[in-house]
Amino acid sequence: MLSSQPLLHAGVFALTVLQALASNTFIAAVYEHAVILPAPTYKPVSPDDALALMNKNMDVLEGAIKEAAQQGAHIIVTPEDGIYGWQFTRQSIYPYLEDIPAPEVNWIPCTEPSRFGPAPVQERLSCMARNNSIYVVANIGDKKSCNSSDPDCPSDGRYQYNTDVVFDPEGKLVARYHKYNLFRGETQFNYPKEPEIVTFETPFGKFGIFTCFDILFHEPAVVLVDKMQVDTVLFPTAWMNVLPFLTAVEFHSAWAMGMRVNLLSANTHNINFSMTGDGLFTPEGPAAYHYDTGTEEGRLLLAELNAHPYLSPTYPPAINWSSYATSIKKFPGENGTFLGSVRRDIFTFGELRRQAGNYTVCQGDLCCHLAYQMSNESKNEVYVLGAFDGLHGSLIKYHWQICTLLKCKSTDLDTCGQPVEMAQTKFEMFSLSGTFGTNYVFPEVLCSGVQLAPGEFEVLRDGRLKSKHGTSKPLITATLFGRLYEKDLPHPLRTSR
């Protein structure tokens, strides 16, 4: 009997340790939703017709939420525009909007649906969270009345906001965020007067939230991580993939690695609009991701994540992004460089003429260094080293610094920078670095078929993006994507409508 006491204590201790470990992780889910879209119209539909369309989408979302909860998920993120789509004018979206109060009102719409007037969408989302004991993140539209006492009040007497909401497992509204950086076509919504820095605490870490285009700017995205020190970012998005640097899975994974934070990215699914790609991204790389241009179906992803990534023994170190690149002499170029266009951005390119070598290409204040060795150079494929240091965007102009190892569309150098989805050439080794003027650099590696390469590359403390043991798949691009937020031009559209 005496010998059983230590075993009992050991068992209790082991259980306590397991519980402690369990509290340091959580199961997250994201759902890529094939949104049921309304018929395009310039005239507002009736409130009943608007609600009927939204209920069709919420039927699908509710199925995903139930499935996620049954698999043990603690939180699920659904996409931007996931309840009503995006084909609207300012007038035609109005029947889809609800007045969404601030979370400070301590409201559970599921149990008090009429407290702030009709709110059937918030009621249903709240009940989904409450009935499944799960945090639910959704994107809907908010309306706020105003009058002539507000000099910025729009002529129709209301503000309309692209809005994220979060309901806790009791169904209580715990977060509301108005999208600050509207994409160029979102004329149905107003810009908030100031960026909202929205966070909330959970038993599994501190969370922040922003939406889609926000991820490319300093406010609120960088502020949430640097100043508010969130553990995990919730990211509803309706992301249109743009090769070679801005496909959803590629850039969102890179942002999570560059900012050293979890990012739960839920995208819409519409291949006609090049919308696909979501994932559960961590500072170490993707825990799970999905990219599908072959079907019209939605997809649920789940993964167990660290609640506090910075406490993980595998948490990546802080990077001095220009340390290595500024410490070496420029590699000699071969036969000069040439200019090429990536969409409207003019890059300086240098062709990789040999199967292995060292190259430097410069533009503006940025010099990009590459050491590489191809394992199977395909004769009908051309790769270049590219540099870009300048303003991107035709209307909203923001500053990029990019170093990229890039496959050209064909052997014609004029095609370098055009979208490429497939490749045949693998690399035995590559090491890419740049003289970046920013600490905000996002490391991307994209392989043939628009696939990521988890575990196959690393970023050293001195700023080198290096392959570990060669690439298992042919390479489309390896890129260091830098943002100089302080050089962005003033936003030309951030006024009330």
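Tabulated data for the structure shown
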| quantity | calculated |
| --- | --- |
| Test: Glu32 is in a strand (DSSP E or B) and either buried (at least 20 other Cβ atoms within 10 Å of the Cβ) or modelled with pLDDT of 95 or more (or both) | yes |
| Hits in the stretch 191-215 (condition: within 21 Å of Leu493 (Cβ to Cβ), among the charged types (D, E, K, R) and within 20 Å of the chain's Cα centre (by Cα)) | Glu196, Asp214 |
| Residue among Gly386, Gly455, Gly449, Gly390 that alone is touching an Asp or Glu at 6+ places or on another chain (Cβ under 9 Å), within 16 Å of Val342 (Cβ to Cβ) and not aromatic (Phe, Trp, Tyr) | Gly390 |
| Yes/no for Phe26 being in contact (Cβ under 8 Å) with a residue 24 or more places away in the chain, aromatic (Phe, Trp, Tyr) and within 30 Å of Asn306 (Cβ to Cβ) | yes |
| Residue in the stretch 207-214 that is at pLDDT 95 or above, touching a Cys at 6+ places or on another chain (Cβ under 6 Å), within 24 Å of Ile93 (Cα to Cα) and not hydroxyl-bearing (Ser, Thr, Tyr) present | no |
| Test for Ala325: is it part of a helix (DSSP H, G or I) and of a type in the set (A, V, I, L, M) | yes |
| Looking only at the stretch 331-355, and only at residues there that are among the small types (Gly, Ala, Ser) and in contact (Cβ under 8 Å) with a residue 60 or more places away in the chain, the one that is farthest from Ala371 (Cα to Cα) | Ser341 |
| Residues that are within 30 Å of Gln160 (Cα to Cα) and buried (at least 22 other Cβ atoms within 10 Å of the Cβ), drawn from the stretch 461-497 | Arg483 |
| Those residues of the stretch 345-399 which are within 28 Å of Arg483 (Cβ to Cβ) and among the basic types (Lys, Arg), in sequence order | Lys397 |
| Residue match in the stretch 250-261 (condition: of a type in the set (S, T, N, Q), more than 15 Å from Ala28 (Cα to Cα) and surrounded by 20 or more Cβ atoms within 10 Å (Cβ to Cβ)) | yes |
| Residue identified as more than 26 Å from Leu243 (Cβ to Cβ), surrounded by fewer than 22 Cβ atoms within 10 Å (Cβ to Cβ) and modelled with pLDDT of 95 or more among Ser341, Ser312, Ser323 | Ser323 |
| Residue match in the stretch 432-442 (condition: under 23 Å from Val361 (Cα atoms), touching a residue at least 40 places away in the same chain (Cβ under 8 Å) and touching a His at 6+ places or on another chain (Cβ under 6 Å)) | yes |
| Complete set of residues in the stretch 229-241 that are over 21 Å from Asn139 (Cβ atoms) and in contact (Cβ under 8 Å) with a residue 40 or more places away in the chain | Asp231 |
| Number of the exception - Thr199 against (1) surrounded by fewer than 20 Cβ atoms within 10 Å (Cβ to Cβ); (2) more than 17 Å from Val261 (Cβ to Cβ); (3) among the β-branched types (Val, Ile, Thr) | (2) |
| The stretch 265-300, subset among the aliphatic types (A, V, I, L, M) and crowded, with 22+ Cβ neighbours inside 10 Å, residue nearest to Met58 (Cα to Cα) | Ala266 |
| Scan of the stretch 270-309 for residues that are hydrophobic (A, V, I, L, M, F, W, C), more than 18 Å from Ile83 (Cα to Cα) and not in a strand (DSSP E or B), ordered by number | Ala307 |
| Val230 among the aliphatic types (A, V, I, L, M), buried (at least 20 other Cβ atoms within 10 Å of the Cβ) and in contact with a Gly (Cβ under 6 Å, 6 or more places away or on another chain) | yes |
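The values are calculated or read from the model by the stated rules, or taken from the named source; none is laboratory data. What you are looking at is a predicted structure, and each value in this text was computed from that prediction instead of being measured. Neighbour counts are summed over all protein chains in view; Cβ atoms, including those assigned to glycine, are modelled from backbone coordinates with ideal geometry.
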